[in-house]
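Working notes, beginning with the structure itself.
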Amino acid sequence: DRFYLRNASQGVSGEGVYTSEGFVVFAGSVARLGDAKSIGDTNKRWRQKLTETGVMSPDEQGHLVFSKDHLFTSPSGAAMALLGRRANGWTEWKNRNGLTLHQVQREPAEGNV
């Protein structure tokens, strides 16, 4: 199942998959260039390292674009990288039917899939 993260006001448009190893964000996903004040120093440095190592690169439209697929250890880390703020990836990532990653992965017994 593919999952999507969108924030039109910031130009964020991400796509990826949840795996047993974590969450993979696909190349071509578009992230917010700047960081929100609430991101915190540790997350800010970690996100900066993603740009320094070439995982995300600035584009001409003022965003960061994933230059390659990248595995994050958690869906929340993946969401934070895209949104430039603290984020709960279990609720930010949604499938094509609008179900959250939490609903698909953690609540399948309730018939939400």
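The values are calculated or read from the model by the stated rules, or taken from the named source; none is laboratory data. From a predicted model like this one, the values you see are computed outputs, not experimental measurements. For neighbour counting, all protein chains shown are included, and Cβ atoms are generated from backbone atoms with ideal geometry for every residue, glycine included.
Quick one: would you say V12 is of a type in the set (A, V, I, L, M, F, W, C), in contact with a strand residue (DSSP E or B) (Cβ under 8 Å, 6 or more places away or on another chain) and within 12 Å of A78 (Cα to Cα)? So that I can check it myself, show each step before the final result.
Working: of a type in the set (A, V, I, L, M, F, W, C): yes; in contact with a strand residue (DSSP E or B) (Cβ under 8 Å, 6 or more places away or on another chain): yes; within 12 Å of A78 (Cα to Cα): no.
So V12 fails the test.
Which residue out of A27, A31 is closer than 22 Å to H102 by Cβ and among the aliphatic types (A, V, I, L, M)?
Values: A27 fails: closer than 22 Å to H102 by Cβ.
Result: A31 is the single residue among A27, A31 that is closer than 22 Å to H102 by Cβ and among the aliphatic types (A, V, I, L, M).
Considering only residues that are of a type in the set (D, E, K, R) and modelled with pLDDT under 95, which ones fall in segment 87-113?
Taking segment 87-113 as the starting set, the residues that turn out to be of a type in the set (D, E, K, R) are 92, 94, 96, 106-107, 110.
Listed by number, the residues that qualify are R106, E107, E110.
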